[in-house]
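Asker: The following block contains the structure, expressed as structure tokens.
All of the numbers you see were taken from the coordinates with simple rules; none came from a lab. Note that the coordinates shown come from a computational prediction; the quantities given were computed from them, not determined experimentally. Backbone-built Cβ (ideal geometry, glycine too); neighbour counts: all protein chains shown.
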Amino acid sequence: MHRHCMLSALLVMLAIPLPAYQQEAFEADTYRTSAGDLTITFIGHGTLMFELGDRVIHIDPVSREADYSVLPKADLILITHHHGDHCDPGAIELLSREDTDLMLNQLCGDRVGHGTVLGNGDIERWEGVTIEAIPAYNLVHKRDNGEPFHPRGEGNGYVLSFGDTRVFVAGDTENTPEMKALKDIDIAFLPMNLPYTMTPEMVADAAKAFRPKVLYPYHYGGTDPAELVTLMKGEQGIEIRVREMD
């Protein structure tokens with residue numbers, strides 16, 4: 001089957017029953033991939049949970065966003081960077097079993113004390129999933145002392161390949177050249193809260209450059225996602241989905 005036909009099939013949301021915790025608390029979307037059905041649960045802010053078969057991946061779990069005693073334990077935990085709204089040692093401990101894998105950036109690794117450190121550009125393969133660490137940093141927004149809120153080289157975004165479906169979780173970043181050069185992204189999560197990450201205009205600029213099939217604004221704080229919807233109006237081939245991720 002030609003790739004664009006395959007992608008049309010991949011990006012169909014399935015009407016299947018959800019676990020009780022999803023029905024009660026969190027929105028979730030399910031996508032059909034060549035590796036199986038991928039369910040994405042929108043926990044809040046920068047926190048996501050991916051389920052593929054019996055494997056569970058938590059991304060940036062933070063205790064303020066969920067009661068992790070009732071969520072599935074993690075087979076893999078991915079941390080984008082060391083800030084407290086992304087790197088929470090307590091949440092990592094609650095979600096971990098003895099065989100849970102942890103991948104994170106160096107500064108979060110220093111806080112947690114264990115895990116596999118991924119630097120910008122590193123690639124790991126885990127249980128059939130390819131994980132690429134993409135640089136995440138500020139270009140424009142800075143602290144009063146002139147230091148970027150997220151200096152280059154510290155944080156990661158991640159591209160996760162589930163079979164032939166590629167999902168990009170950007171972490172805290174602006175519309176960097178590395179992001180805009182991405183290829184074949186099916187689903188993207190781009191942050192949109194000021195002054196720490198992107199304006200709606202920056203998100204639109206990035207999305208128009210690398211053209212994900214589905215775009216979720218996340219980590220958007222007080223920014224109105226409707227601004228992004230307006231900026232992307234009429235843009236063919238990119239579907240915007242807004243979930244509770246403030």
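Asker: Looking at the range 219-246, which of its residues are assigned to a loop (DSSP other than H, G, I, E, B), among the charged types (D, E, K, R) and under 16 Å from Ala209 (Cα atoms)?
Answerer: Scanning the range 219-246 gives Lys233, Glu235.
Asker: Quick one: Lys183 ticks every box in (1) touching a residue at least 12 places away in the same chain (Cβ under 8 Å); (2) in contact with a Leu (Cβ under 9 Å, 6 or more places away or on another chain) bar one, so which box is it?
Answerer: Among (1) touching a residue at least 12 places away in the same chain (Cβ under 8 Å); (2) in contact with a Leu (Cβ under 9 Å, 6 or more places away or on another chain), the lone unmet condition for Lys183 is (2).
Asker: Given (1) in contact with a strand residue (DSSP E or B) (Cβ under 8 Å, 6 or more places away or on another chain); (2) assigned to a loop (DSSP other than H, G, I, E, B); (3) within 14 Å of Gly171 (Cα to Cα), identify the lone condition not met by Tyr196.
Answerer: Tallying (1) in contact with a strand residue (DSSP E or B) (Cβ under 8 Å, 6 or more places away or on another chain); (2) assigned to a loop (DSSP other than H, G, I, E, B); (3) within 14 Å of Gly171 (Cα to Cα), Tyr196 fails exactly one: (1).
Asker: Among the candidates Thr116, Thr39, which residue alone is hydroxyl-bearing (Ser, Thr, Tyr) and over 15 Å from Asn156 (Cα atoms)?
Answerer: Residue meeting the stated conditions: Thr39.
Asker: Which members of the range 39-78 meet the condition of being assigned to a loop (DSSP other than H, G, I, E, B) and of a type in the set (S, T, N, Q)?
Answerer: Answer for the range 39-78, where residues must be assigned to a loop (DSSP other than H, G, I, E, B) and of a type in the set (S, T, N, Q): just Ser69.
Asker: Sticking with this one: Considering only residues that are polar (S, T, N, Q) and assigned to a strand (DSSP E or B), look in the range 132-181 and name the one that is farthest from the chain's Cα centre (by Cα). Talk me through it step by step, then tell me what you get.
Answerer: Filtering the range 132-181 down to residues polar (S, T, N, Q) leaves 138, 145, 156, 161, 165, 173, 175-176.
When the remaining residues are screened for being assigned to a strand (DSSP E or B), the result is 156, 161, 165.
Numbers: Asn156: 10, Ser161: 12, Thr165: 14 Å.
Per the criteria, the residue is Thr165.
Asker: How about the range 214-231: which of its residues are surrounded by fewer than 22 Cβ atoms within 10 Å (Cβ to Cβ), in contact with a helix residue (DSSP H, G or I) (Cβ under 6 Å, 6 or more places away or on another chain) and of a type outside the set (Asp, Glu)?
Answerer: Residue satisfying the conditions is Leu231 alone.
Asker: So, one more: So, of the residues in the range 78-90 that are under 12 Å from Thr47 (Cβ atoms) and either acidic (Asp, Glu) or surrounded by fewer than 23 Cβ atoms within 10 Å (Cβ to Cβ) (or both), which turns out to be farthest from the chain's Cα centre (by Cα)?
Answerer: Asp88
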